[in-house]
Structures are given as C-alpha cells and as structure tokens.
1. Which of the residues spanning the stretch 12-40 are modelled with pLDDT of 60 or more, open to solvent by 40 Å² or more (accessible area, probe 1.4 Å) and not small (G, A, S)?
2. Taking L89 as the residue in question, decide whether it is of a type in the set (A, V, I, L, M, F, W, C), surrounded by 12 or more Cβ atoms within 10 Å (Cβ to Cβ) and assigned to a strand (DSSP E or B).
3. Across the stretch 53-87, which residue is farthest from the chain's Cα centre (by Cα) among those that are among the hydroxyl-bearing types (S, T, Y) and farther than 11 Å from M35 by Cβ?
4. Being surrounded by 12 or more Cβ atoms within 10 Å (Cβ to Cβ) and either hydrophobic (A, V, I, L, M, F, W, C) or in contact (Cβ under 8 Å) with a residue 24 or more places away in the chain (or both) is the filter here; which residues of the stretch 92-112 pass it?
5. What about R67, is it in contact with a Phe, Trp or Tyr (Cβ under 8 Å, 6 or more places away or on another chain) and surrounded by fewer than 15 Cβ atoms within 10 Å (Cβ to Cβ)?
6. If you scan the stretch 46-78, which residues turn out to be touching a residue at least 40 places away in the same chain (Cβ under 8 Å) and more than 22 Å from L19 (Cα to Cα)?
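The values are calculated or read from the model by the stated rules, or taken from the named source; none is laboratory data. In this text, all values refer to a predicted model and were calculated from it rather than measured experimentally. For neighbour counting, all protein chains shown are included, and Cβ atoms are generated from backbone atoms with ideal geometry for every residue, glycine included. The accessibility values were calculated without ligands, DNA or RNA, using every heavy atom of the protein model including side chains. Shrake-Rupley method; radii C 1.70, N 1.55, O 1.52, S 1.80 Å.
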Amino acid sequence: MSNVILVLGDQLSPNVASLSASLAAGDQDRDLVVMIEALSEATYVPHHKQKLVVVLSAMRHFAEELRNAGWRVHYESLDSRNKDFTSVLKELLGREEFLGFEKLVVTEPGEWRLKDEFSKWNELLPIAVEVLEDD
C-alpha cells in the first residue's frame, strides 16, 4: 500500500508519527511526503514577517533533509492559489502523478481549526485519510 504523507510546518521531525509509521514499513520509495505552504497558515492571524520567514525556511530545509534521507517529497511553495490544505490536496490528488496512492496519512495537528478542517477530509478528498495521534 502506498501513502501520501502530509507533514505540517510545526511537525518538522523525522520522528513525527506519520513519518515514523512509514519508516517502520521500510519502503521510502513507496510513500510520498507532501509539504504545503498554505496561505491560510500565514494569514489566519497577524504574524510577524520574520516568524513567517523562519517557518518557511525551516520547512524548505526539512524537505531537503527528507530528500537527502531517501524520501520522495512533493513541496508546494506559497502562492495565492494555495489557499488552505484542503484546496491544495484536492488539486494535487486529482493529478495523474498522484493516482494510485491509497491513503493520506497525517499526524494530528495541534490547532483546533486544523483538526476541524482535517475532520472533513474523508468526505472531501478522493482518498482515504488516516490521522495519527501526535505522540
């Protein structure tokens, strides 16, 4: 079974549940890590510009670390069409290169607004969704 693994900007660790579960399976070529710079994450409340720069930089560096460790990574950089995770994932999962994946795996987010958004994914996305407990 091949999975799409979504890694959030505050989950930049190879030990996060969604990556650890895949590491235990031992097939990094099978799964695809997706990281998204979503506009909603930068605009839902006012953020200091330097904080946004640090978070985006950390995400980009972590994506490169994952690639260097042998993971396949799809990275969506911030732009105006990346409104929120749901809209980006709908668009990505409709692309030909994303066909054949059986499940979207994500570690539970720490924010209620994201938990609410993610709770609707089984109905909105064309793929099964598994939200793993944040350990």
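1. Answer for the stretch 12-40, where residues must be modelled with pLDDT of 60 or more, open to solvent by 40 Å² or more (accessible area, probe 1.4 Å) and not small (G, A, S): L12, P14, N15, D27, Q28, D29, R30, L39.
2. Criteria not met by L89.
3. As a first pass, look at the stretch 53-87 and keep what is among the hydroxyl-bearing types (S, T, Y): 57, 75, 77, 80, 86-87.
When the remaining residues are screened for being farther than 11 Å from M35 by Cβ, the result is 57, 80, 86-87.
Numbers: S57: 16, S80: 18, T86: 11, S87: 13 Å.
Restricting to residues being among the hydroxyl-bearing types (S, T, Y) and farther than 11 Å from M35 by Cβ, the top hit is S80.
4. First, pick out the residues of the stretch 92-112 that are surrounded by 12 or more Cβ atoms within 10 Å (Cβ to Cβ): 92-93, 98, 101, 103-109, 111.
Selection gives L92, L93, F98, F101, K103, L104, V105, V106, T107, E108, P109.
5. Working: in contact with a Phe, Trp or Tyr (Cβ under 8 Å, 6 or more places away or on another chain): no; surrounded by fewer than 15 Cβ atoms within 10 Å (Cβ to Cβ): yes.
Against the criterion (in contact with a Phe, Trp or Tyr (Cβ under 8 Å, 6 or more places away or on another chain) and surrounded by fewer than 15 Cβ atoms within 10 Å (Cβ to Cβ)), R67 does not qualify.
6. Residue satisfying the conditions is L78 alone.
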